[in-house]
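Peer 1: Mind having a look at this structure? Questions to follow.
What follows is calculated from the coordinates using simple rules that are stated; it is not laboratory data. All values derive from a computational prediction rather than experimental measurement. Note that each Cβ is placed from the backbone with ideal geometry, even for glycine, and that neighbours are counted across all protein chains shown.
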Amino acid sequence: MKIKNKLRLGFGFLFVVVILFGGLSLYYLREISNNAKVILKDNYESLHYAREMRTVLDETDLPLSDIAINRFNAELQSEFKNITEPGEAEAAANLRKSFESLQSSTLPLKQLQSAQRFARVYLRKIEELNMQAIVRKNNQAQQSVEKATIYLGMIGTVTFLILFSFSINFPGFIANPVNELTEGIREICRKNYKTRLNFKTTREFEEVASAFNQMASRLNEWENSNLAQVISEKLRIETIIEQMQDGIIGLNEKNKVIFINPTAESLLNLNEENIVGSDAFDVAKRNDLLKNLLENKNQDKPIKIYANGKESYFQLESREITIPIYNQNYDNPIIKSEESAGEVYILRNITKFRELDEAKTNFIATISHELKTPIASIKMSLRLLYDNRVGDLNTEQSELLNHIKDDAERLLKITTELLDLAQVETGNIQLNLMAADPKQIVEYAVNAVKFQTEQKRITLGIKVKDNLPKVHADLEKTAWVLVNFLSNAIRYSPENSSIIIEVKSMSNFIQFTVQDSGNGIEEKYLDRLFERYFQVPTDGRNKSGSGLGLAISKDFIEAQKGDIFVESELGTGSKFGFNLPKTA
């Protein structure tokens, strides 16, 4: 039988039970009502008629008057119409005979009094019969009420038991298979694909169980068919990791070592059999290199390790491994999130790149150093040519010499920057740190660019308060950075404009800024301004430098425990600045 039909039968049964109980209740209530009506109507009226006739006899002297006779006769006629009890008709007939004697006007008073006594006796008889009837019918009514109460209680109890049993068992008929189906789905979510359902209750549930079992069987087949493929892929990944030239060590979310490839074993002087499954930090207590990797996993500087018979350089990378998980909220099971499964540490061998970089740096340093001598000779020759004692120059010759002088100055500046860059890259920055006066640094930089500002008629606005705290810095290199900022500002500012130099005291450092009046820099270039060799595209009106000035400035400032920054928007100019720590 289908679930729909069973539901119809179940609710139909409840409807019939309720109708039956209501019908029986109405029946017994009607019986009780009818009994009460009989008591109140028939017997009470007979008592009323008898009382009225007695009143006539009590209030009227013998012989009776016509009014009293008519009144008595009316009540007697009503009594004859309302005879309901056995013996009441006989008493009423006798009463009528006595009343007829009372109506005679010829009888002596003594006989009239005797007839009156008999009338009273028959009236009392009528009253007694009706009173007894009232008592009897009241007892019958009470018995009917008690009987109805018992029957209704029994019927109510049976109805309650039926409904209670129905409410307990019938929902289970629907809910139990649904609960079993829900539990089966949860088992499938736990990848227990051997779960099966077996419903024999209804055709619909049997079809649901059959479909569920087919799904579980297909999932089980899919799981088994993919198991070999998963194992094969796992072995392939393990083989790839083992054959990589980079050192790799993996930890799970509890910092337990789960794998380490041969390269990492060799570099860290560890054995896979001894450390896999162990806590990485416990192993690090006996291995300084592993301890350094775990504690400085975000460091950018290369690590020097003796490997392959020479000093080698490795770049450490650490990556958190996350795996997708699905929310267990069955109301919305497609919600996907990620959970950490551990970390992987990779030691990339950058020795070859390091050697090439050092070769490049040495080449730049050598070439730059060698170029300074011929550039100095060119500048000396230019000074001699400018000397009138050598000979006078015409206008064209003077312009050519000016161009040669500008190019020589630019070439000397690039050569100096390359030498500074080589010094930075080799880590040989020589800092002469001291307690420097910020105002002195500004004055040094302003004097260095004074000639350039006069040529372009640019006004320098200097905002430096007196008695500023001193900074812990290298005076010469800090001034060089400020000069570089001012040179760029002069280059990109129009004639007859202004450049603002501002120095102010912050919480723990002194801030130096240079605000120009140029066109500004597009936002997309701001993040790359301090990269080596990067140059902002120009319209050709301003000569670009080597692209090293800002990069070297950044290295100089950071070497002094400071930081460098830029703020710029198109049309509003640019502000370059740096912060240096105050002296203790």
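Peer 1: For the pairs Lys504/Lys554; Lys297/Lys477; Lys304/Lys470; Lys463/Lys554, flag any whose C-alpha to C-alpha distance is greater than 26 Å.
Peer 2: Cα-Cα > 26 Å for Lys297/Lys477; Lys304/Lys470; rest within.
Peer 1: Mind listing the phi-derived Karplus ³J(HN,Hα) values for region 176-189, rounded to whole Hz, using 6.51, -1.76 and 1.60 with θ = phi - 60°, and x for any glycine or proline?
Peer 2: With coefficients 6.51, -1.76 and 1.60, one gets 4, x, 5, 4, 5, 5, 4, 5, x, 5, 4, 5, 5, 4 Hz.
Peer 1: Can you give the extra length, in nm with one decimal, that the chain gains between Gln103 and Ala74 once fully stretched, where that is 0.36 nm per residue apart less the Cα-Cα distance?
Peer 2: Taking 0.36 nm per residue and subtracting the Cα distance, the gain is 9.1 nm.
Peer 1: Modelling each spin label as a point 7 Å along the Cα-to-Cβ direction, I'd like the Asn176/Ser25 distance in nm, to one decimal.
Peer 2: 3.2
Peer 1: List, in the order given, every pair from Lys41/Lys125; Lys301/Lys582; Lys352/Lys379; Lys379/Lys439; Lys405/Lys561; Lys379/Lys465 whose Cα-Cα distance in the structure shown is over 31 Å.
Peer 2: Correct reply: Lys352/Lys379; Lys379/Lys439; Lys405/Lys561; Lys379/Lys465.
Peer 1: Another one. Sorted by packing (mean other beta-carbon atoms within 10 Å per residue), highest first, where do 526-534, 445-453 land?
Peer 2: My ranking of the peptides, most packed first, is 445-453, 526-534.
Peer 1: Note the full-extension length gain between Lys304 and Phe13 as 0.36 nm times their separation in residues minus their Cα-Cα distance, in nm to one decimal.
Peer 2: 95.9 nm
Peer 1: Then there is this: Long-range amide H contacts for Ile321: which residues qualify at under 5 Å (H placed 1.01 Å from N, peptide plane, sequence gap of 5 or more or a different chain)?
Peer 2: Result for Ile321 returns Ala341, Gly342, Glu343, Val344.
Peer 1: Related question: Placing +1 at every Lys and Arg Cβ and -1 at every Asp and Glu Cβ, with all other atoms neutral, what dipole size does region 432-581 have around its Cα centre, in debye to the nearest 20?
Peer 2: 240
Peer 1: Right, another one. Report the gain in length on full extension from Glu146 to Glu273: 0.36 nm times residue separation, minus Cα-Cα distance, nm rounded to one decimal.
Peer 2: 36.5 nm
Peer 1: Related question: Work out the FRET efficiency for Leu431 and Glu317 from their Cβ-Cβ distance, taking R0 = 41 Å, and round it to the nearest 0.05.
Peer 2: So, using R0 = 41 Å, E works out to roughly 0.85.
Peer 1: Continuing with this model, one more query. Once the Cβ-Cβ distance between Asp466 and Ile231 is put in as r, and R0 is 51 Å, what FRET efficiency do you end up with, to the nearest 0.05?
Peer 2: 0.10
Peer 1: Quickly work out the Gln455-to-Phe281 label distance, labels modelled 7 Å from Cα along the C-beta direction, and quote it in nm with one decimal.
Peer 2: With each label placed 7 Å out from Cα toward Cβ, I get 6.2 nm.
Peer 1: Which ³J(HN,Hα) values, rounded to whole Hz and listed in residue order, are derived for region 496-512 from phi using the Karplus coefficients 6.51, -1.76 and 1.60 in 6.51 cos²θ - 1.76 cosθ + 1.60 with θ = phi - 60°, glycine and proline given as x?
Peer 2: Per-residue couplings from phi come out as 6, 9, 9, 10, 9, 10, 10, 10, 9, 8, 9, 5, 10, 8, 10, 10, 10 Hz.
Peer 1: For Asp563, which sequence-distant residues (separation of 5 or more, or a different chain) have an amide H within less than 5 Å of its own amide H, given hydrogens modelled in the peptide plane?
Peer 2: When sequence neighbours closer than 5 places are left aside, the close amide H contacts are Asn579.
Peer 1: Computed FRET efficiency, Cβ-Cβ of Glu476 and Val536, R0 25 Å: what is it to the nearest 0.05?
Peer 2: E between Glu476 and Val536, to the nearest 0.05, is 0.35.
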